[in-house]
Amino acid sequence: DAGITQSPRYKITETGRQVTLMCHQTWSHSYMFWYRQDLGHGLRLIYYSAAADITDKGEVPDGYVVSRSKTENFPLTLESATRSQTSVYFCATRDTLNTEAFFGQGTRLTVV
Amino acid sequence: EDKVVQSPLSLVVHEGDTVTLNCSYEVTNFRSLLWYKQEKKAPTFLFMLTSSGIEKKSGRLSSILDKKELFSILNITATQTGDSAIYLCAVSIQGAQKLVFGQGTRLTINP
């Protein structure tokens, strides 16, 4: 039972390139989230999704795009990467709003 | 704007000490408060608190919520080096799917 799988685990990309971070869950949880974690800021919400084809902006959505064509996948795309998007990105799922969130192992993205 | 603030941001203690981590919040419509422990990788769930005054306990860790004063504490007794981690507090909001996180407390336990 893999739970949540993020890929890649590490990525270095150049400024201006498009990059997609993948998130896959095996639980069929309704809710999925993308957070970024930076020193001094804790976890900040980028985008979230309540179900397939339903997505919404979080606290820091600029420069990011998401899609959710299938319940189990929630890819995050940086359309034109900038150095300020260097961060650790976590995908998370929740079964219901009364349960905890489960996190993937994270993707460390460096934009050079 | 929904806000969660943790204190202290960093704490260094000796093995065997007891520590108390704080989390205060200002949110529009509170549903629950969650504590997570983050070592090298993904945050792992510790507790979910929904009612005031009811302590949740797991081994040497315990937590309690005060909905009147809008804060929660996480206690760790007889600390061990394996307790070294970042402890994250998050609030779940009624009518919204998201969790709002505090900045985290980095706890270091020295032998």
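How about B:LYS41: which aspartates and glutamates have a C-alpha closer than 18 Å to its C-alpha, ignoring those fewer than 8 places off in the same chain?
Excluding near neighbours in sequence, the set is A:ASP38, A:GLU100, B:ASP83.
Can you tell me which of A:92-105, A:50-63 comes out highest on packing, and rank the rest after it, using the mean Cβ neighbours within 10 Å? Please list the in-between numbers first.
Details: A:92-105: 19.1, A:50-63: 14.6.
In descending order of packing, they fall as A:92-105, A:50-63.
Please tell me which of these pairs span more than 21 angstrom C-alpha to C-alpha: B:LYS37/B:LYS98; B:LYS56/B:LYS98; B:LYS40/B:LYS67; A:LYS11/A:LYS70?
B:LYS56/B:LYS98; B:LYS40/B:LYS67; A:LYS11/A:LYS70
Between A and B, buried accessible area summed over both sides at probe 1.4 Å, in Å² to the nearest 100?
1700
What FRET efficiency comes out for B:GLU15 versus B:ILE54 if R0 is 30 angstrom and r is the Cβ-Cβ distance? Round to the nearest 0.05.
The value I calculate is 0.50.
Could you tell me what fraction of 2.2 N^0.38 Å the Cα radius of gyration of the protein assembly as shown comes to, as a two-decimal ratio?
Output field value: 1.02.
Would you list, by chain and number, the aspartates and glutamates whose Cα falls below 13 Å from the Cα of B:LYS68, excluding same-chain residues fewer than 8 positions away?
Within the straight-line cut-off, B:LYS68 pairs with B:GLU26.
Mind running the shape call on the range B:19-111? Use the C-alpha gyration tensor, a ≥ b ≥ c as the square roots of the eigenvalues: rounded below 1.5 for a/c, prolate if a/b tops b/c, oblate otherwise.
Numbers: a/c = 2.21, a/b = 1.56, b/c = 1.42.
In terms of gyration-tensor shape, prolate.
Between the chain alone and the structure with every protein chain in place, find the residues of the range B:96-111 that drop at least 30 Å² of accessible area; heavy atoms, 1.4 Å probe.
Residues meeting the cut-off: B:GLN97, B:LYS98, B:LEU99, B:PHE101, B:GLN103.
State, in angstrom, two size descriptors of chain A derived from its alpha carbons: Rg to one decimal place and Dmax to the nearest whole number.
Cα radius of gyration and Dmax of chain A are 13.1, 40 Å respectively.
If you average the C-alpha positions of the range B:1-78 and of the range A:1-67 separately, how far apart do those two centres end up, in angstrom?
25
When the Karplus curve 6.51 cos²θ - 1.76 cosθ + 1.60 is applied with θ = phi - 60°, which whole-Hz ³J(HN,Hα) does each residue of the range A:55-69 get, with x for Gly and Pro?
Once rounded to whole Hz, the list reads 10, 8, 6, x, 7, 10, x, 5, x, 10, 9, 10, 8, 8, 7.
The values are calculated or read from the model by the stated rules, or taken from the named source; none is laboratory data. These numbers come from a predicted model, not from an experiment. Because the Cβ atoms are built from the backbone with ideal geometry, glycine has one as well, and the counts that use them run over all protein chains shown. Areas reflect the complete protein model, heavy atoms only, side chains present, ligands, DNA and RNA absent. Shrake-Rupley method; radii C 1.70, N 1.55, O 1.52, S 1.80 Å.
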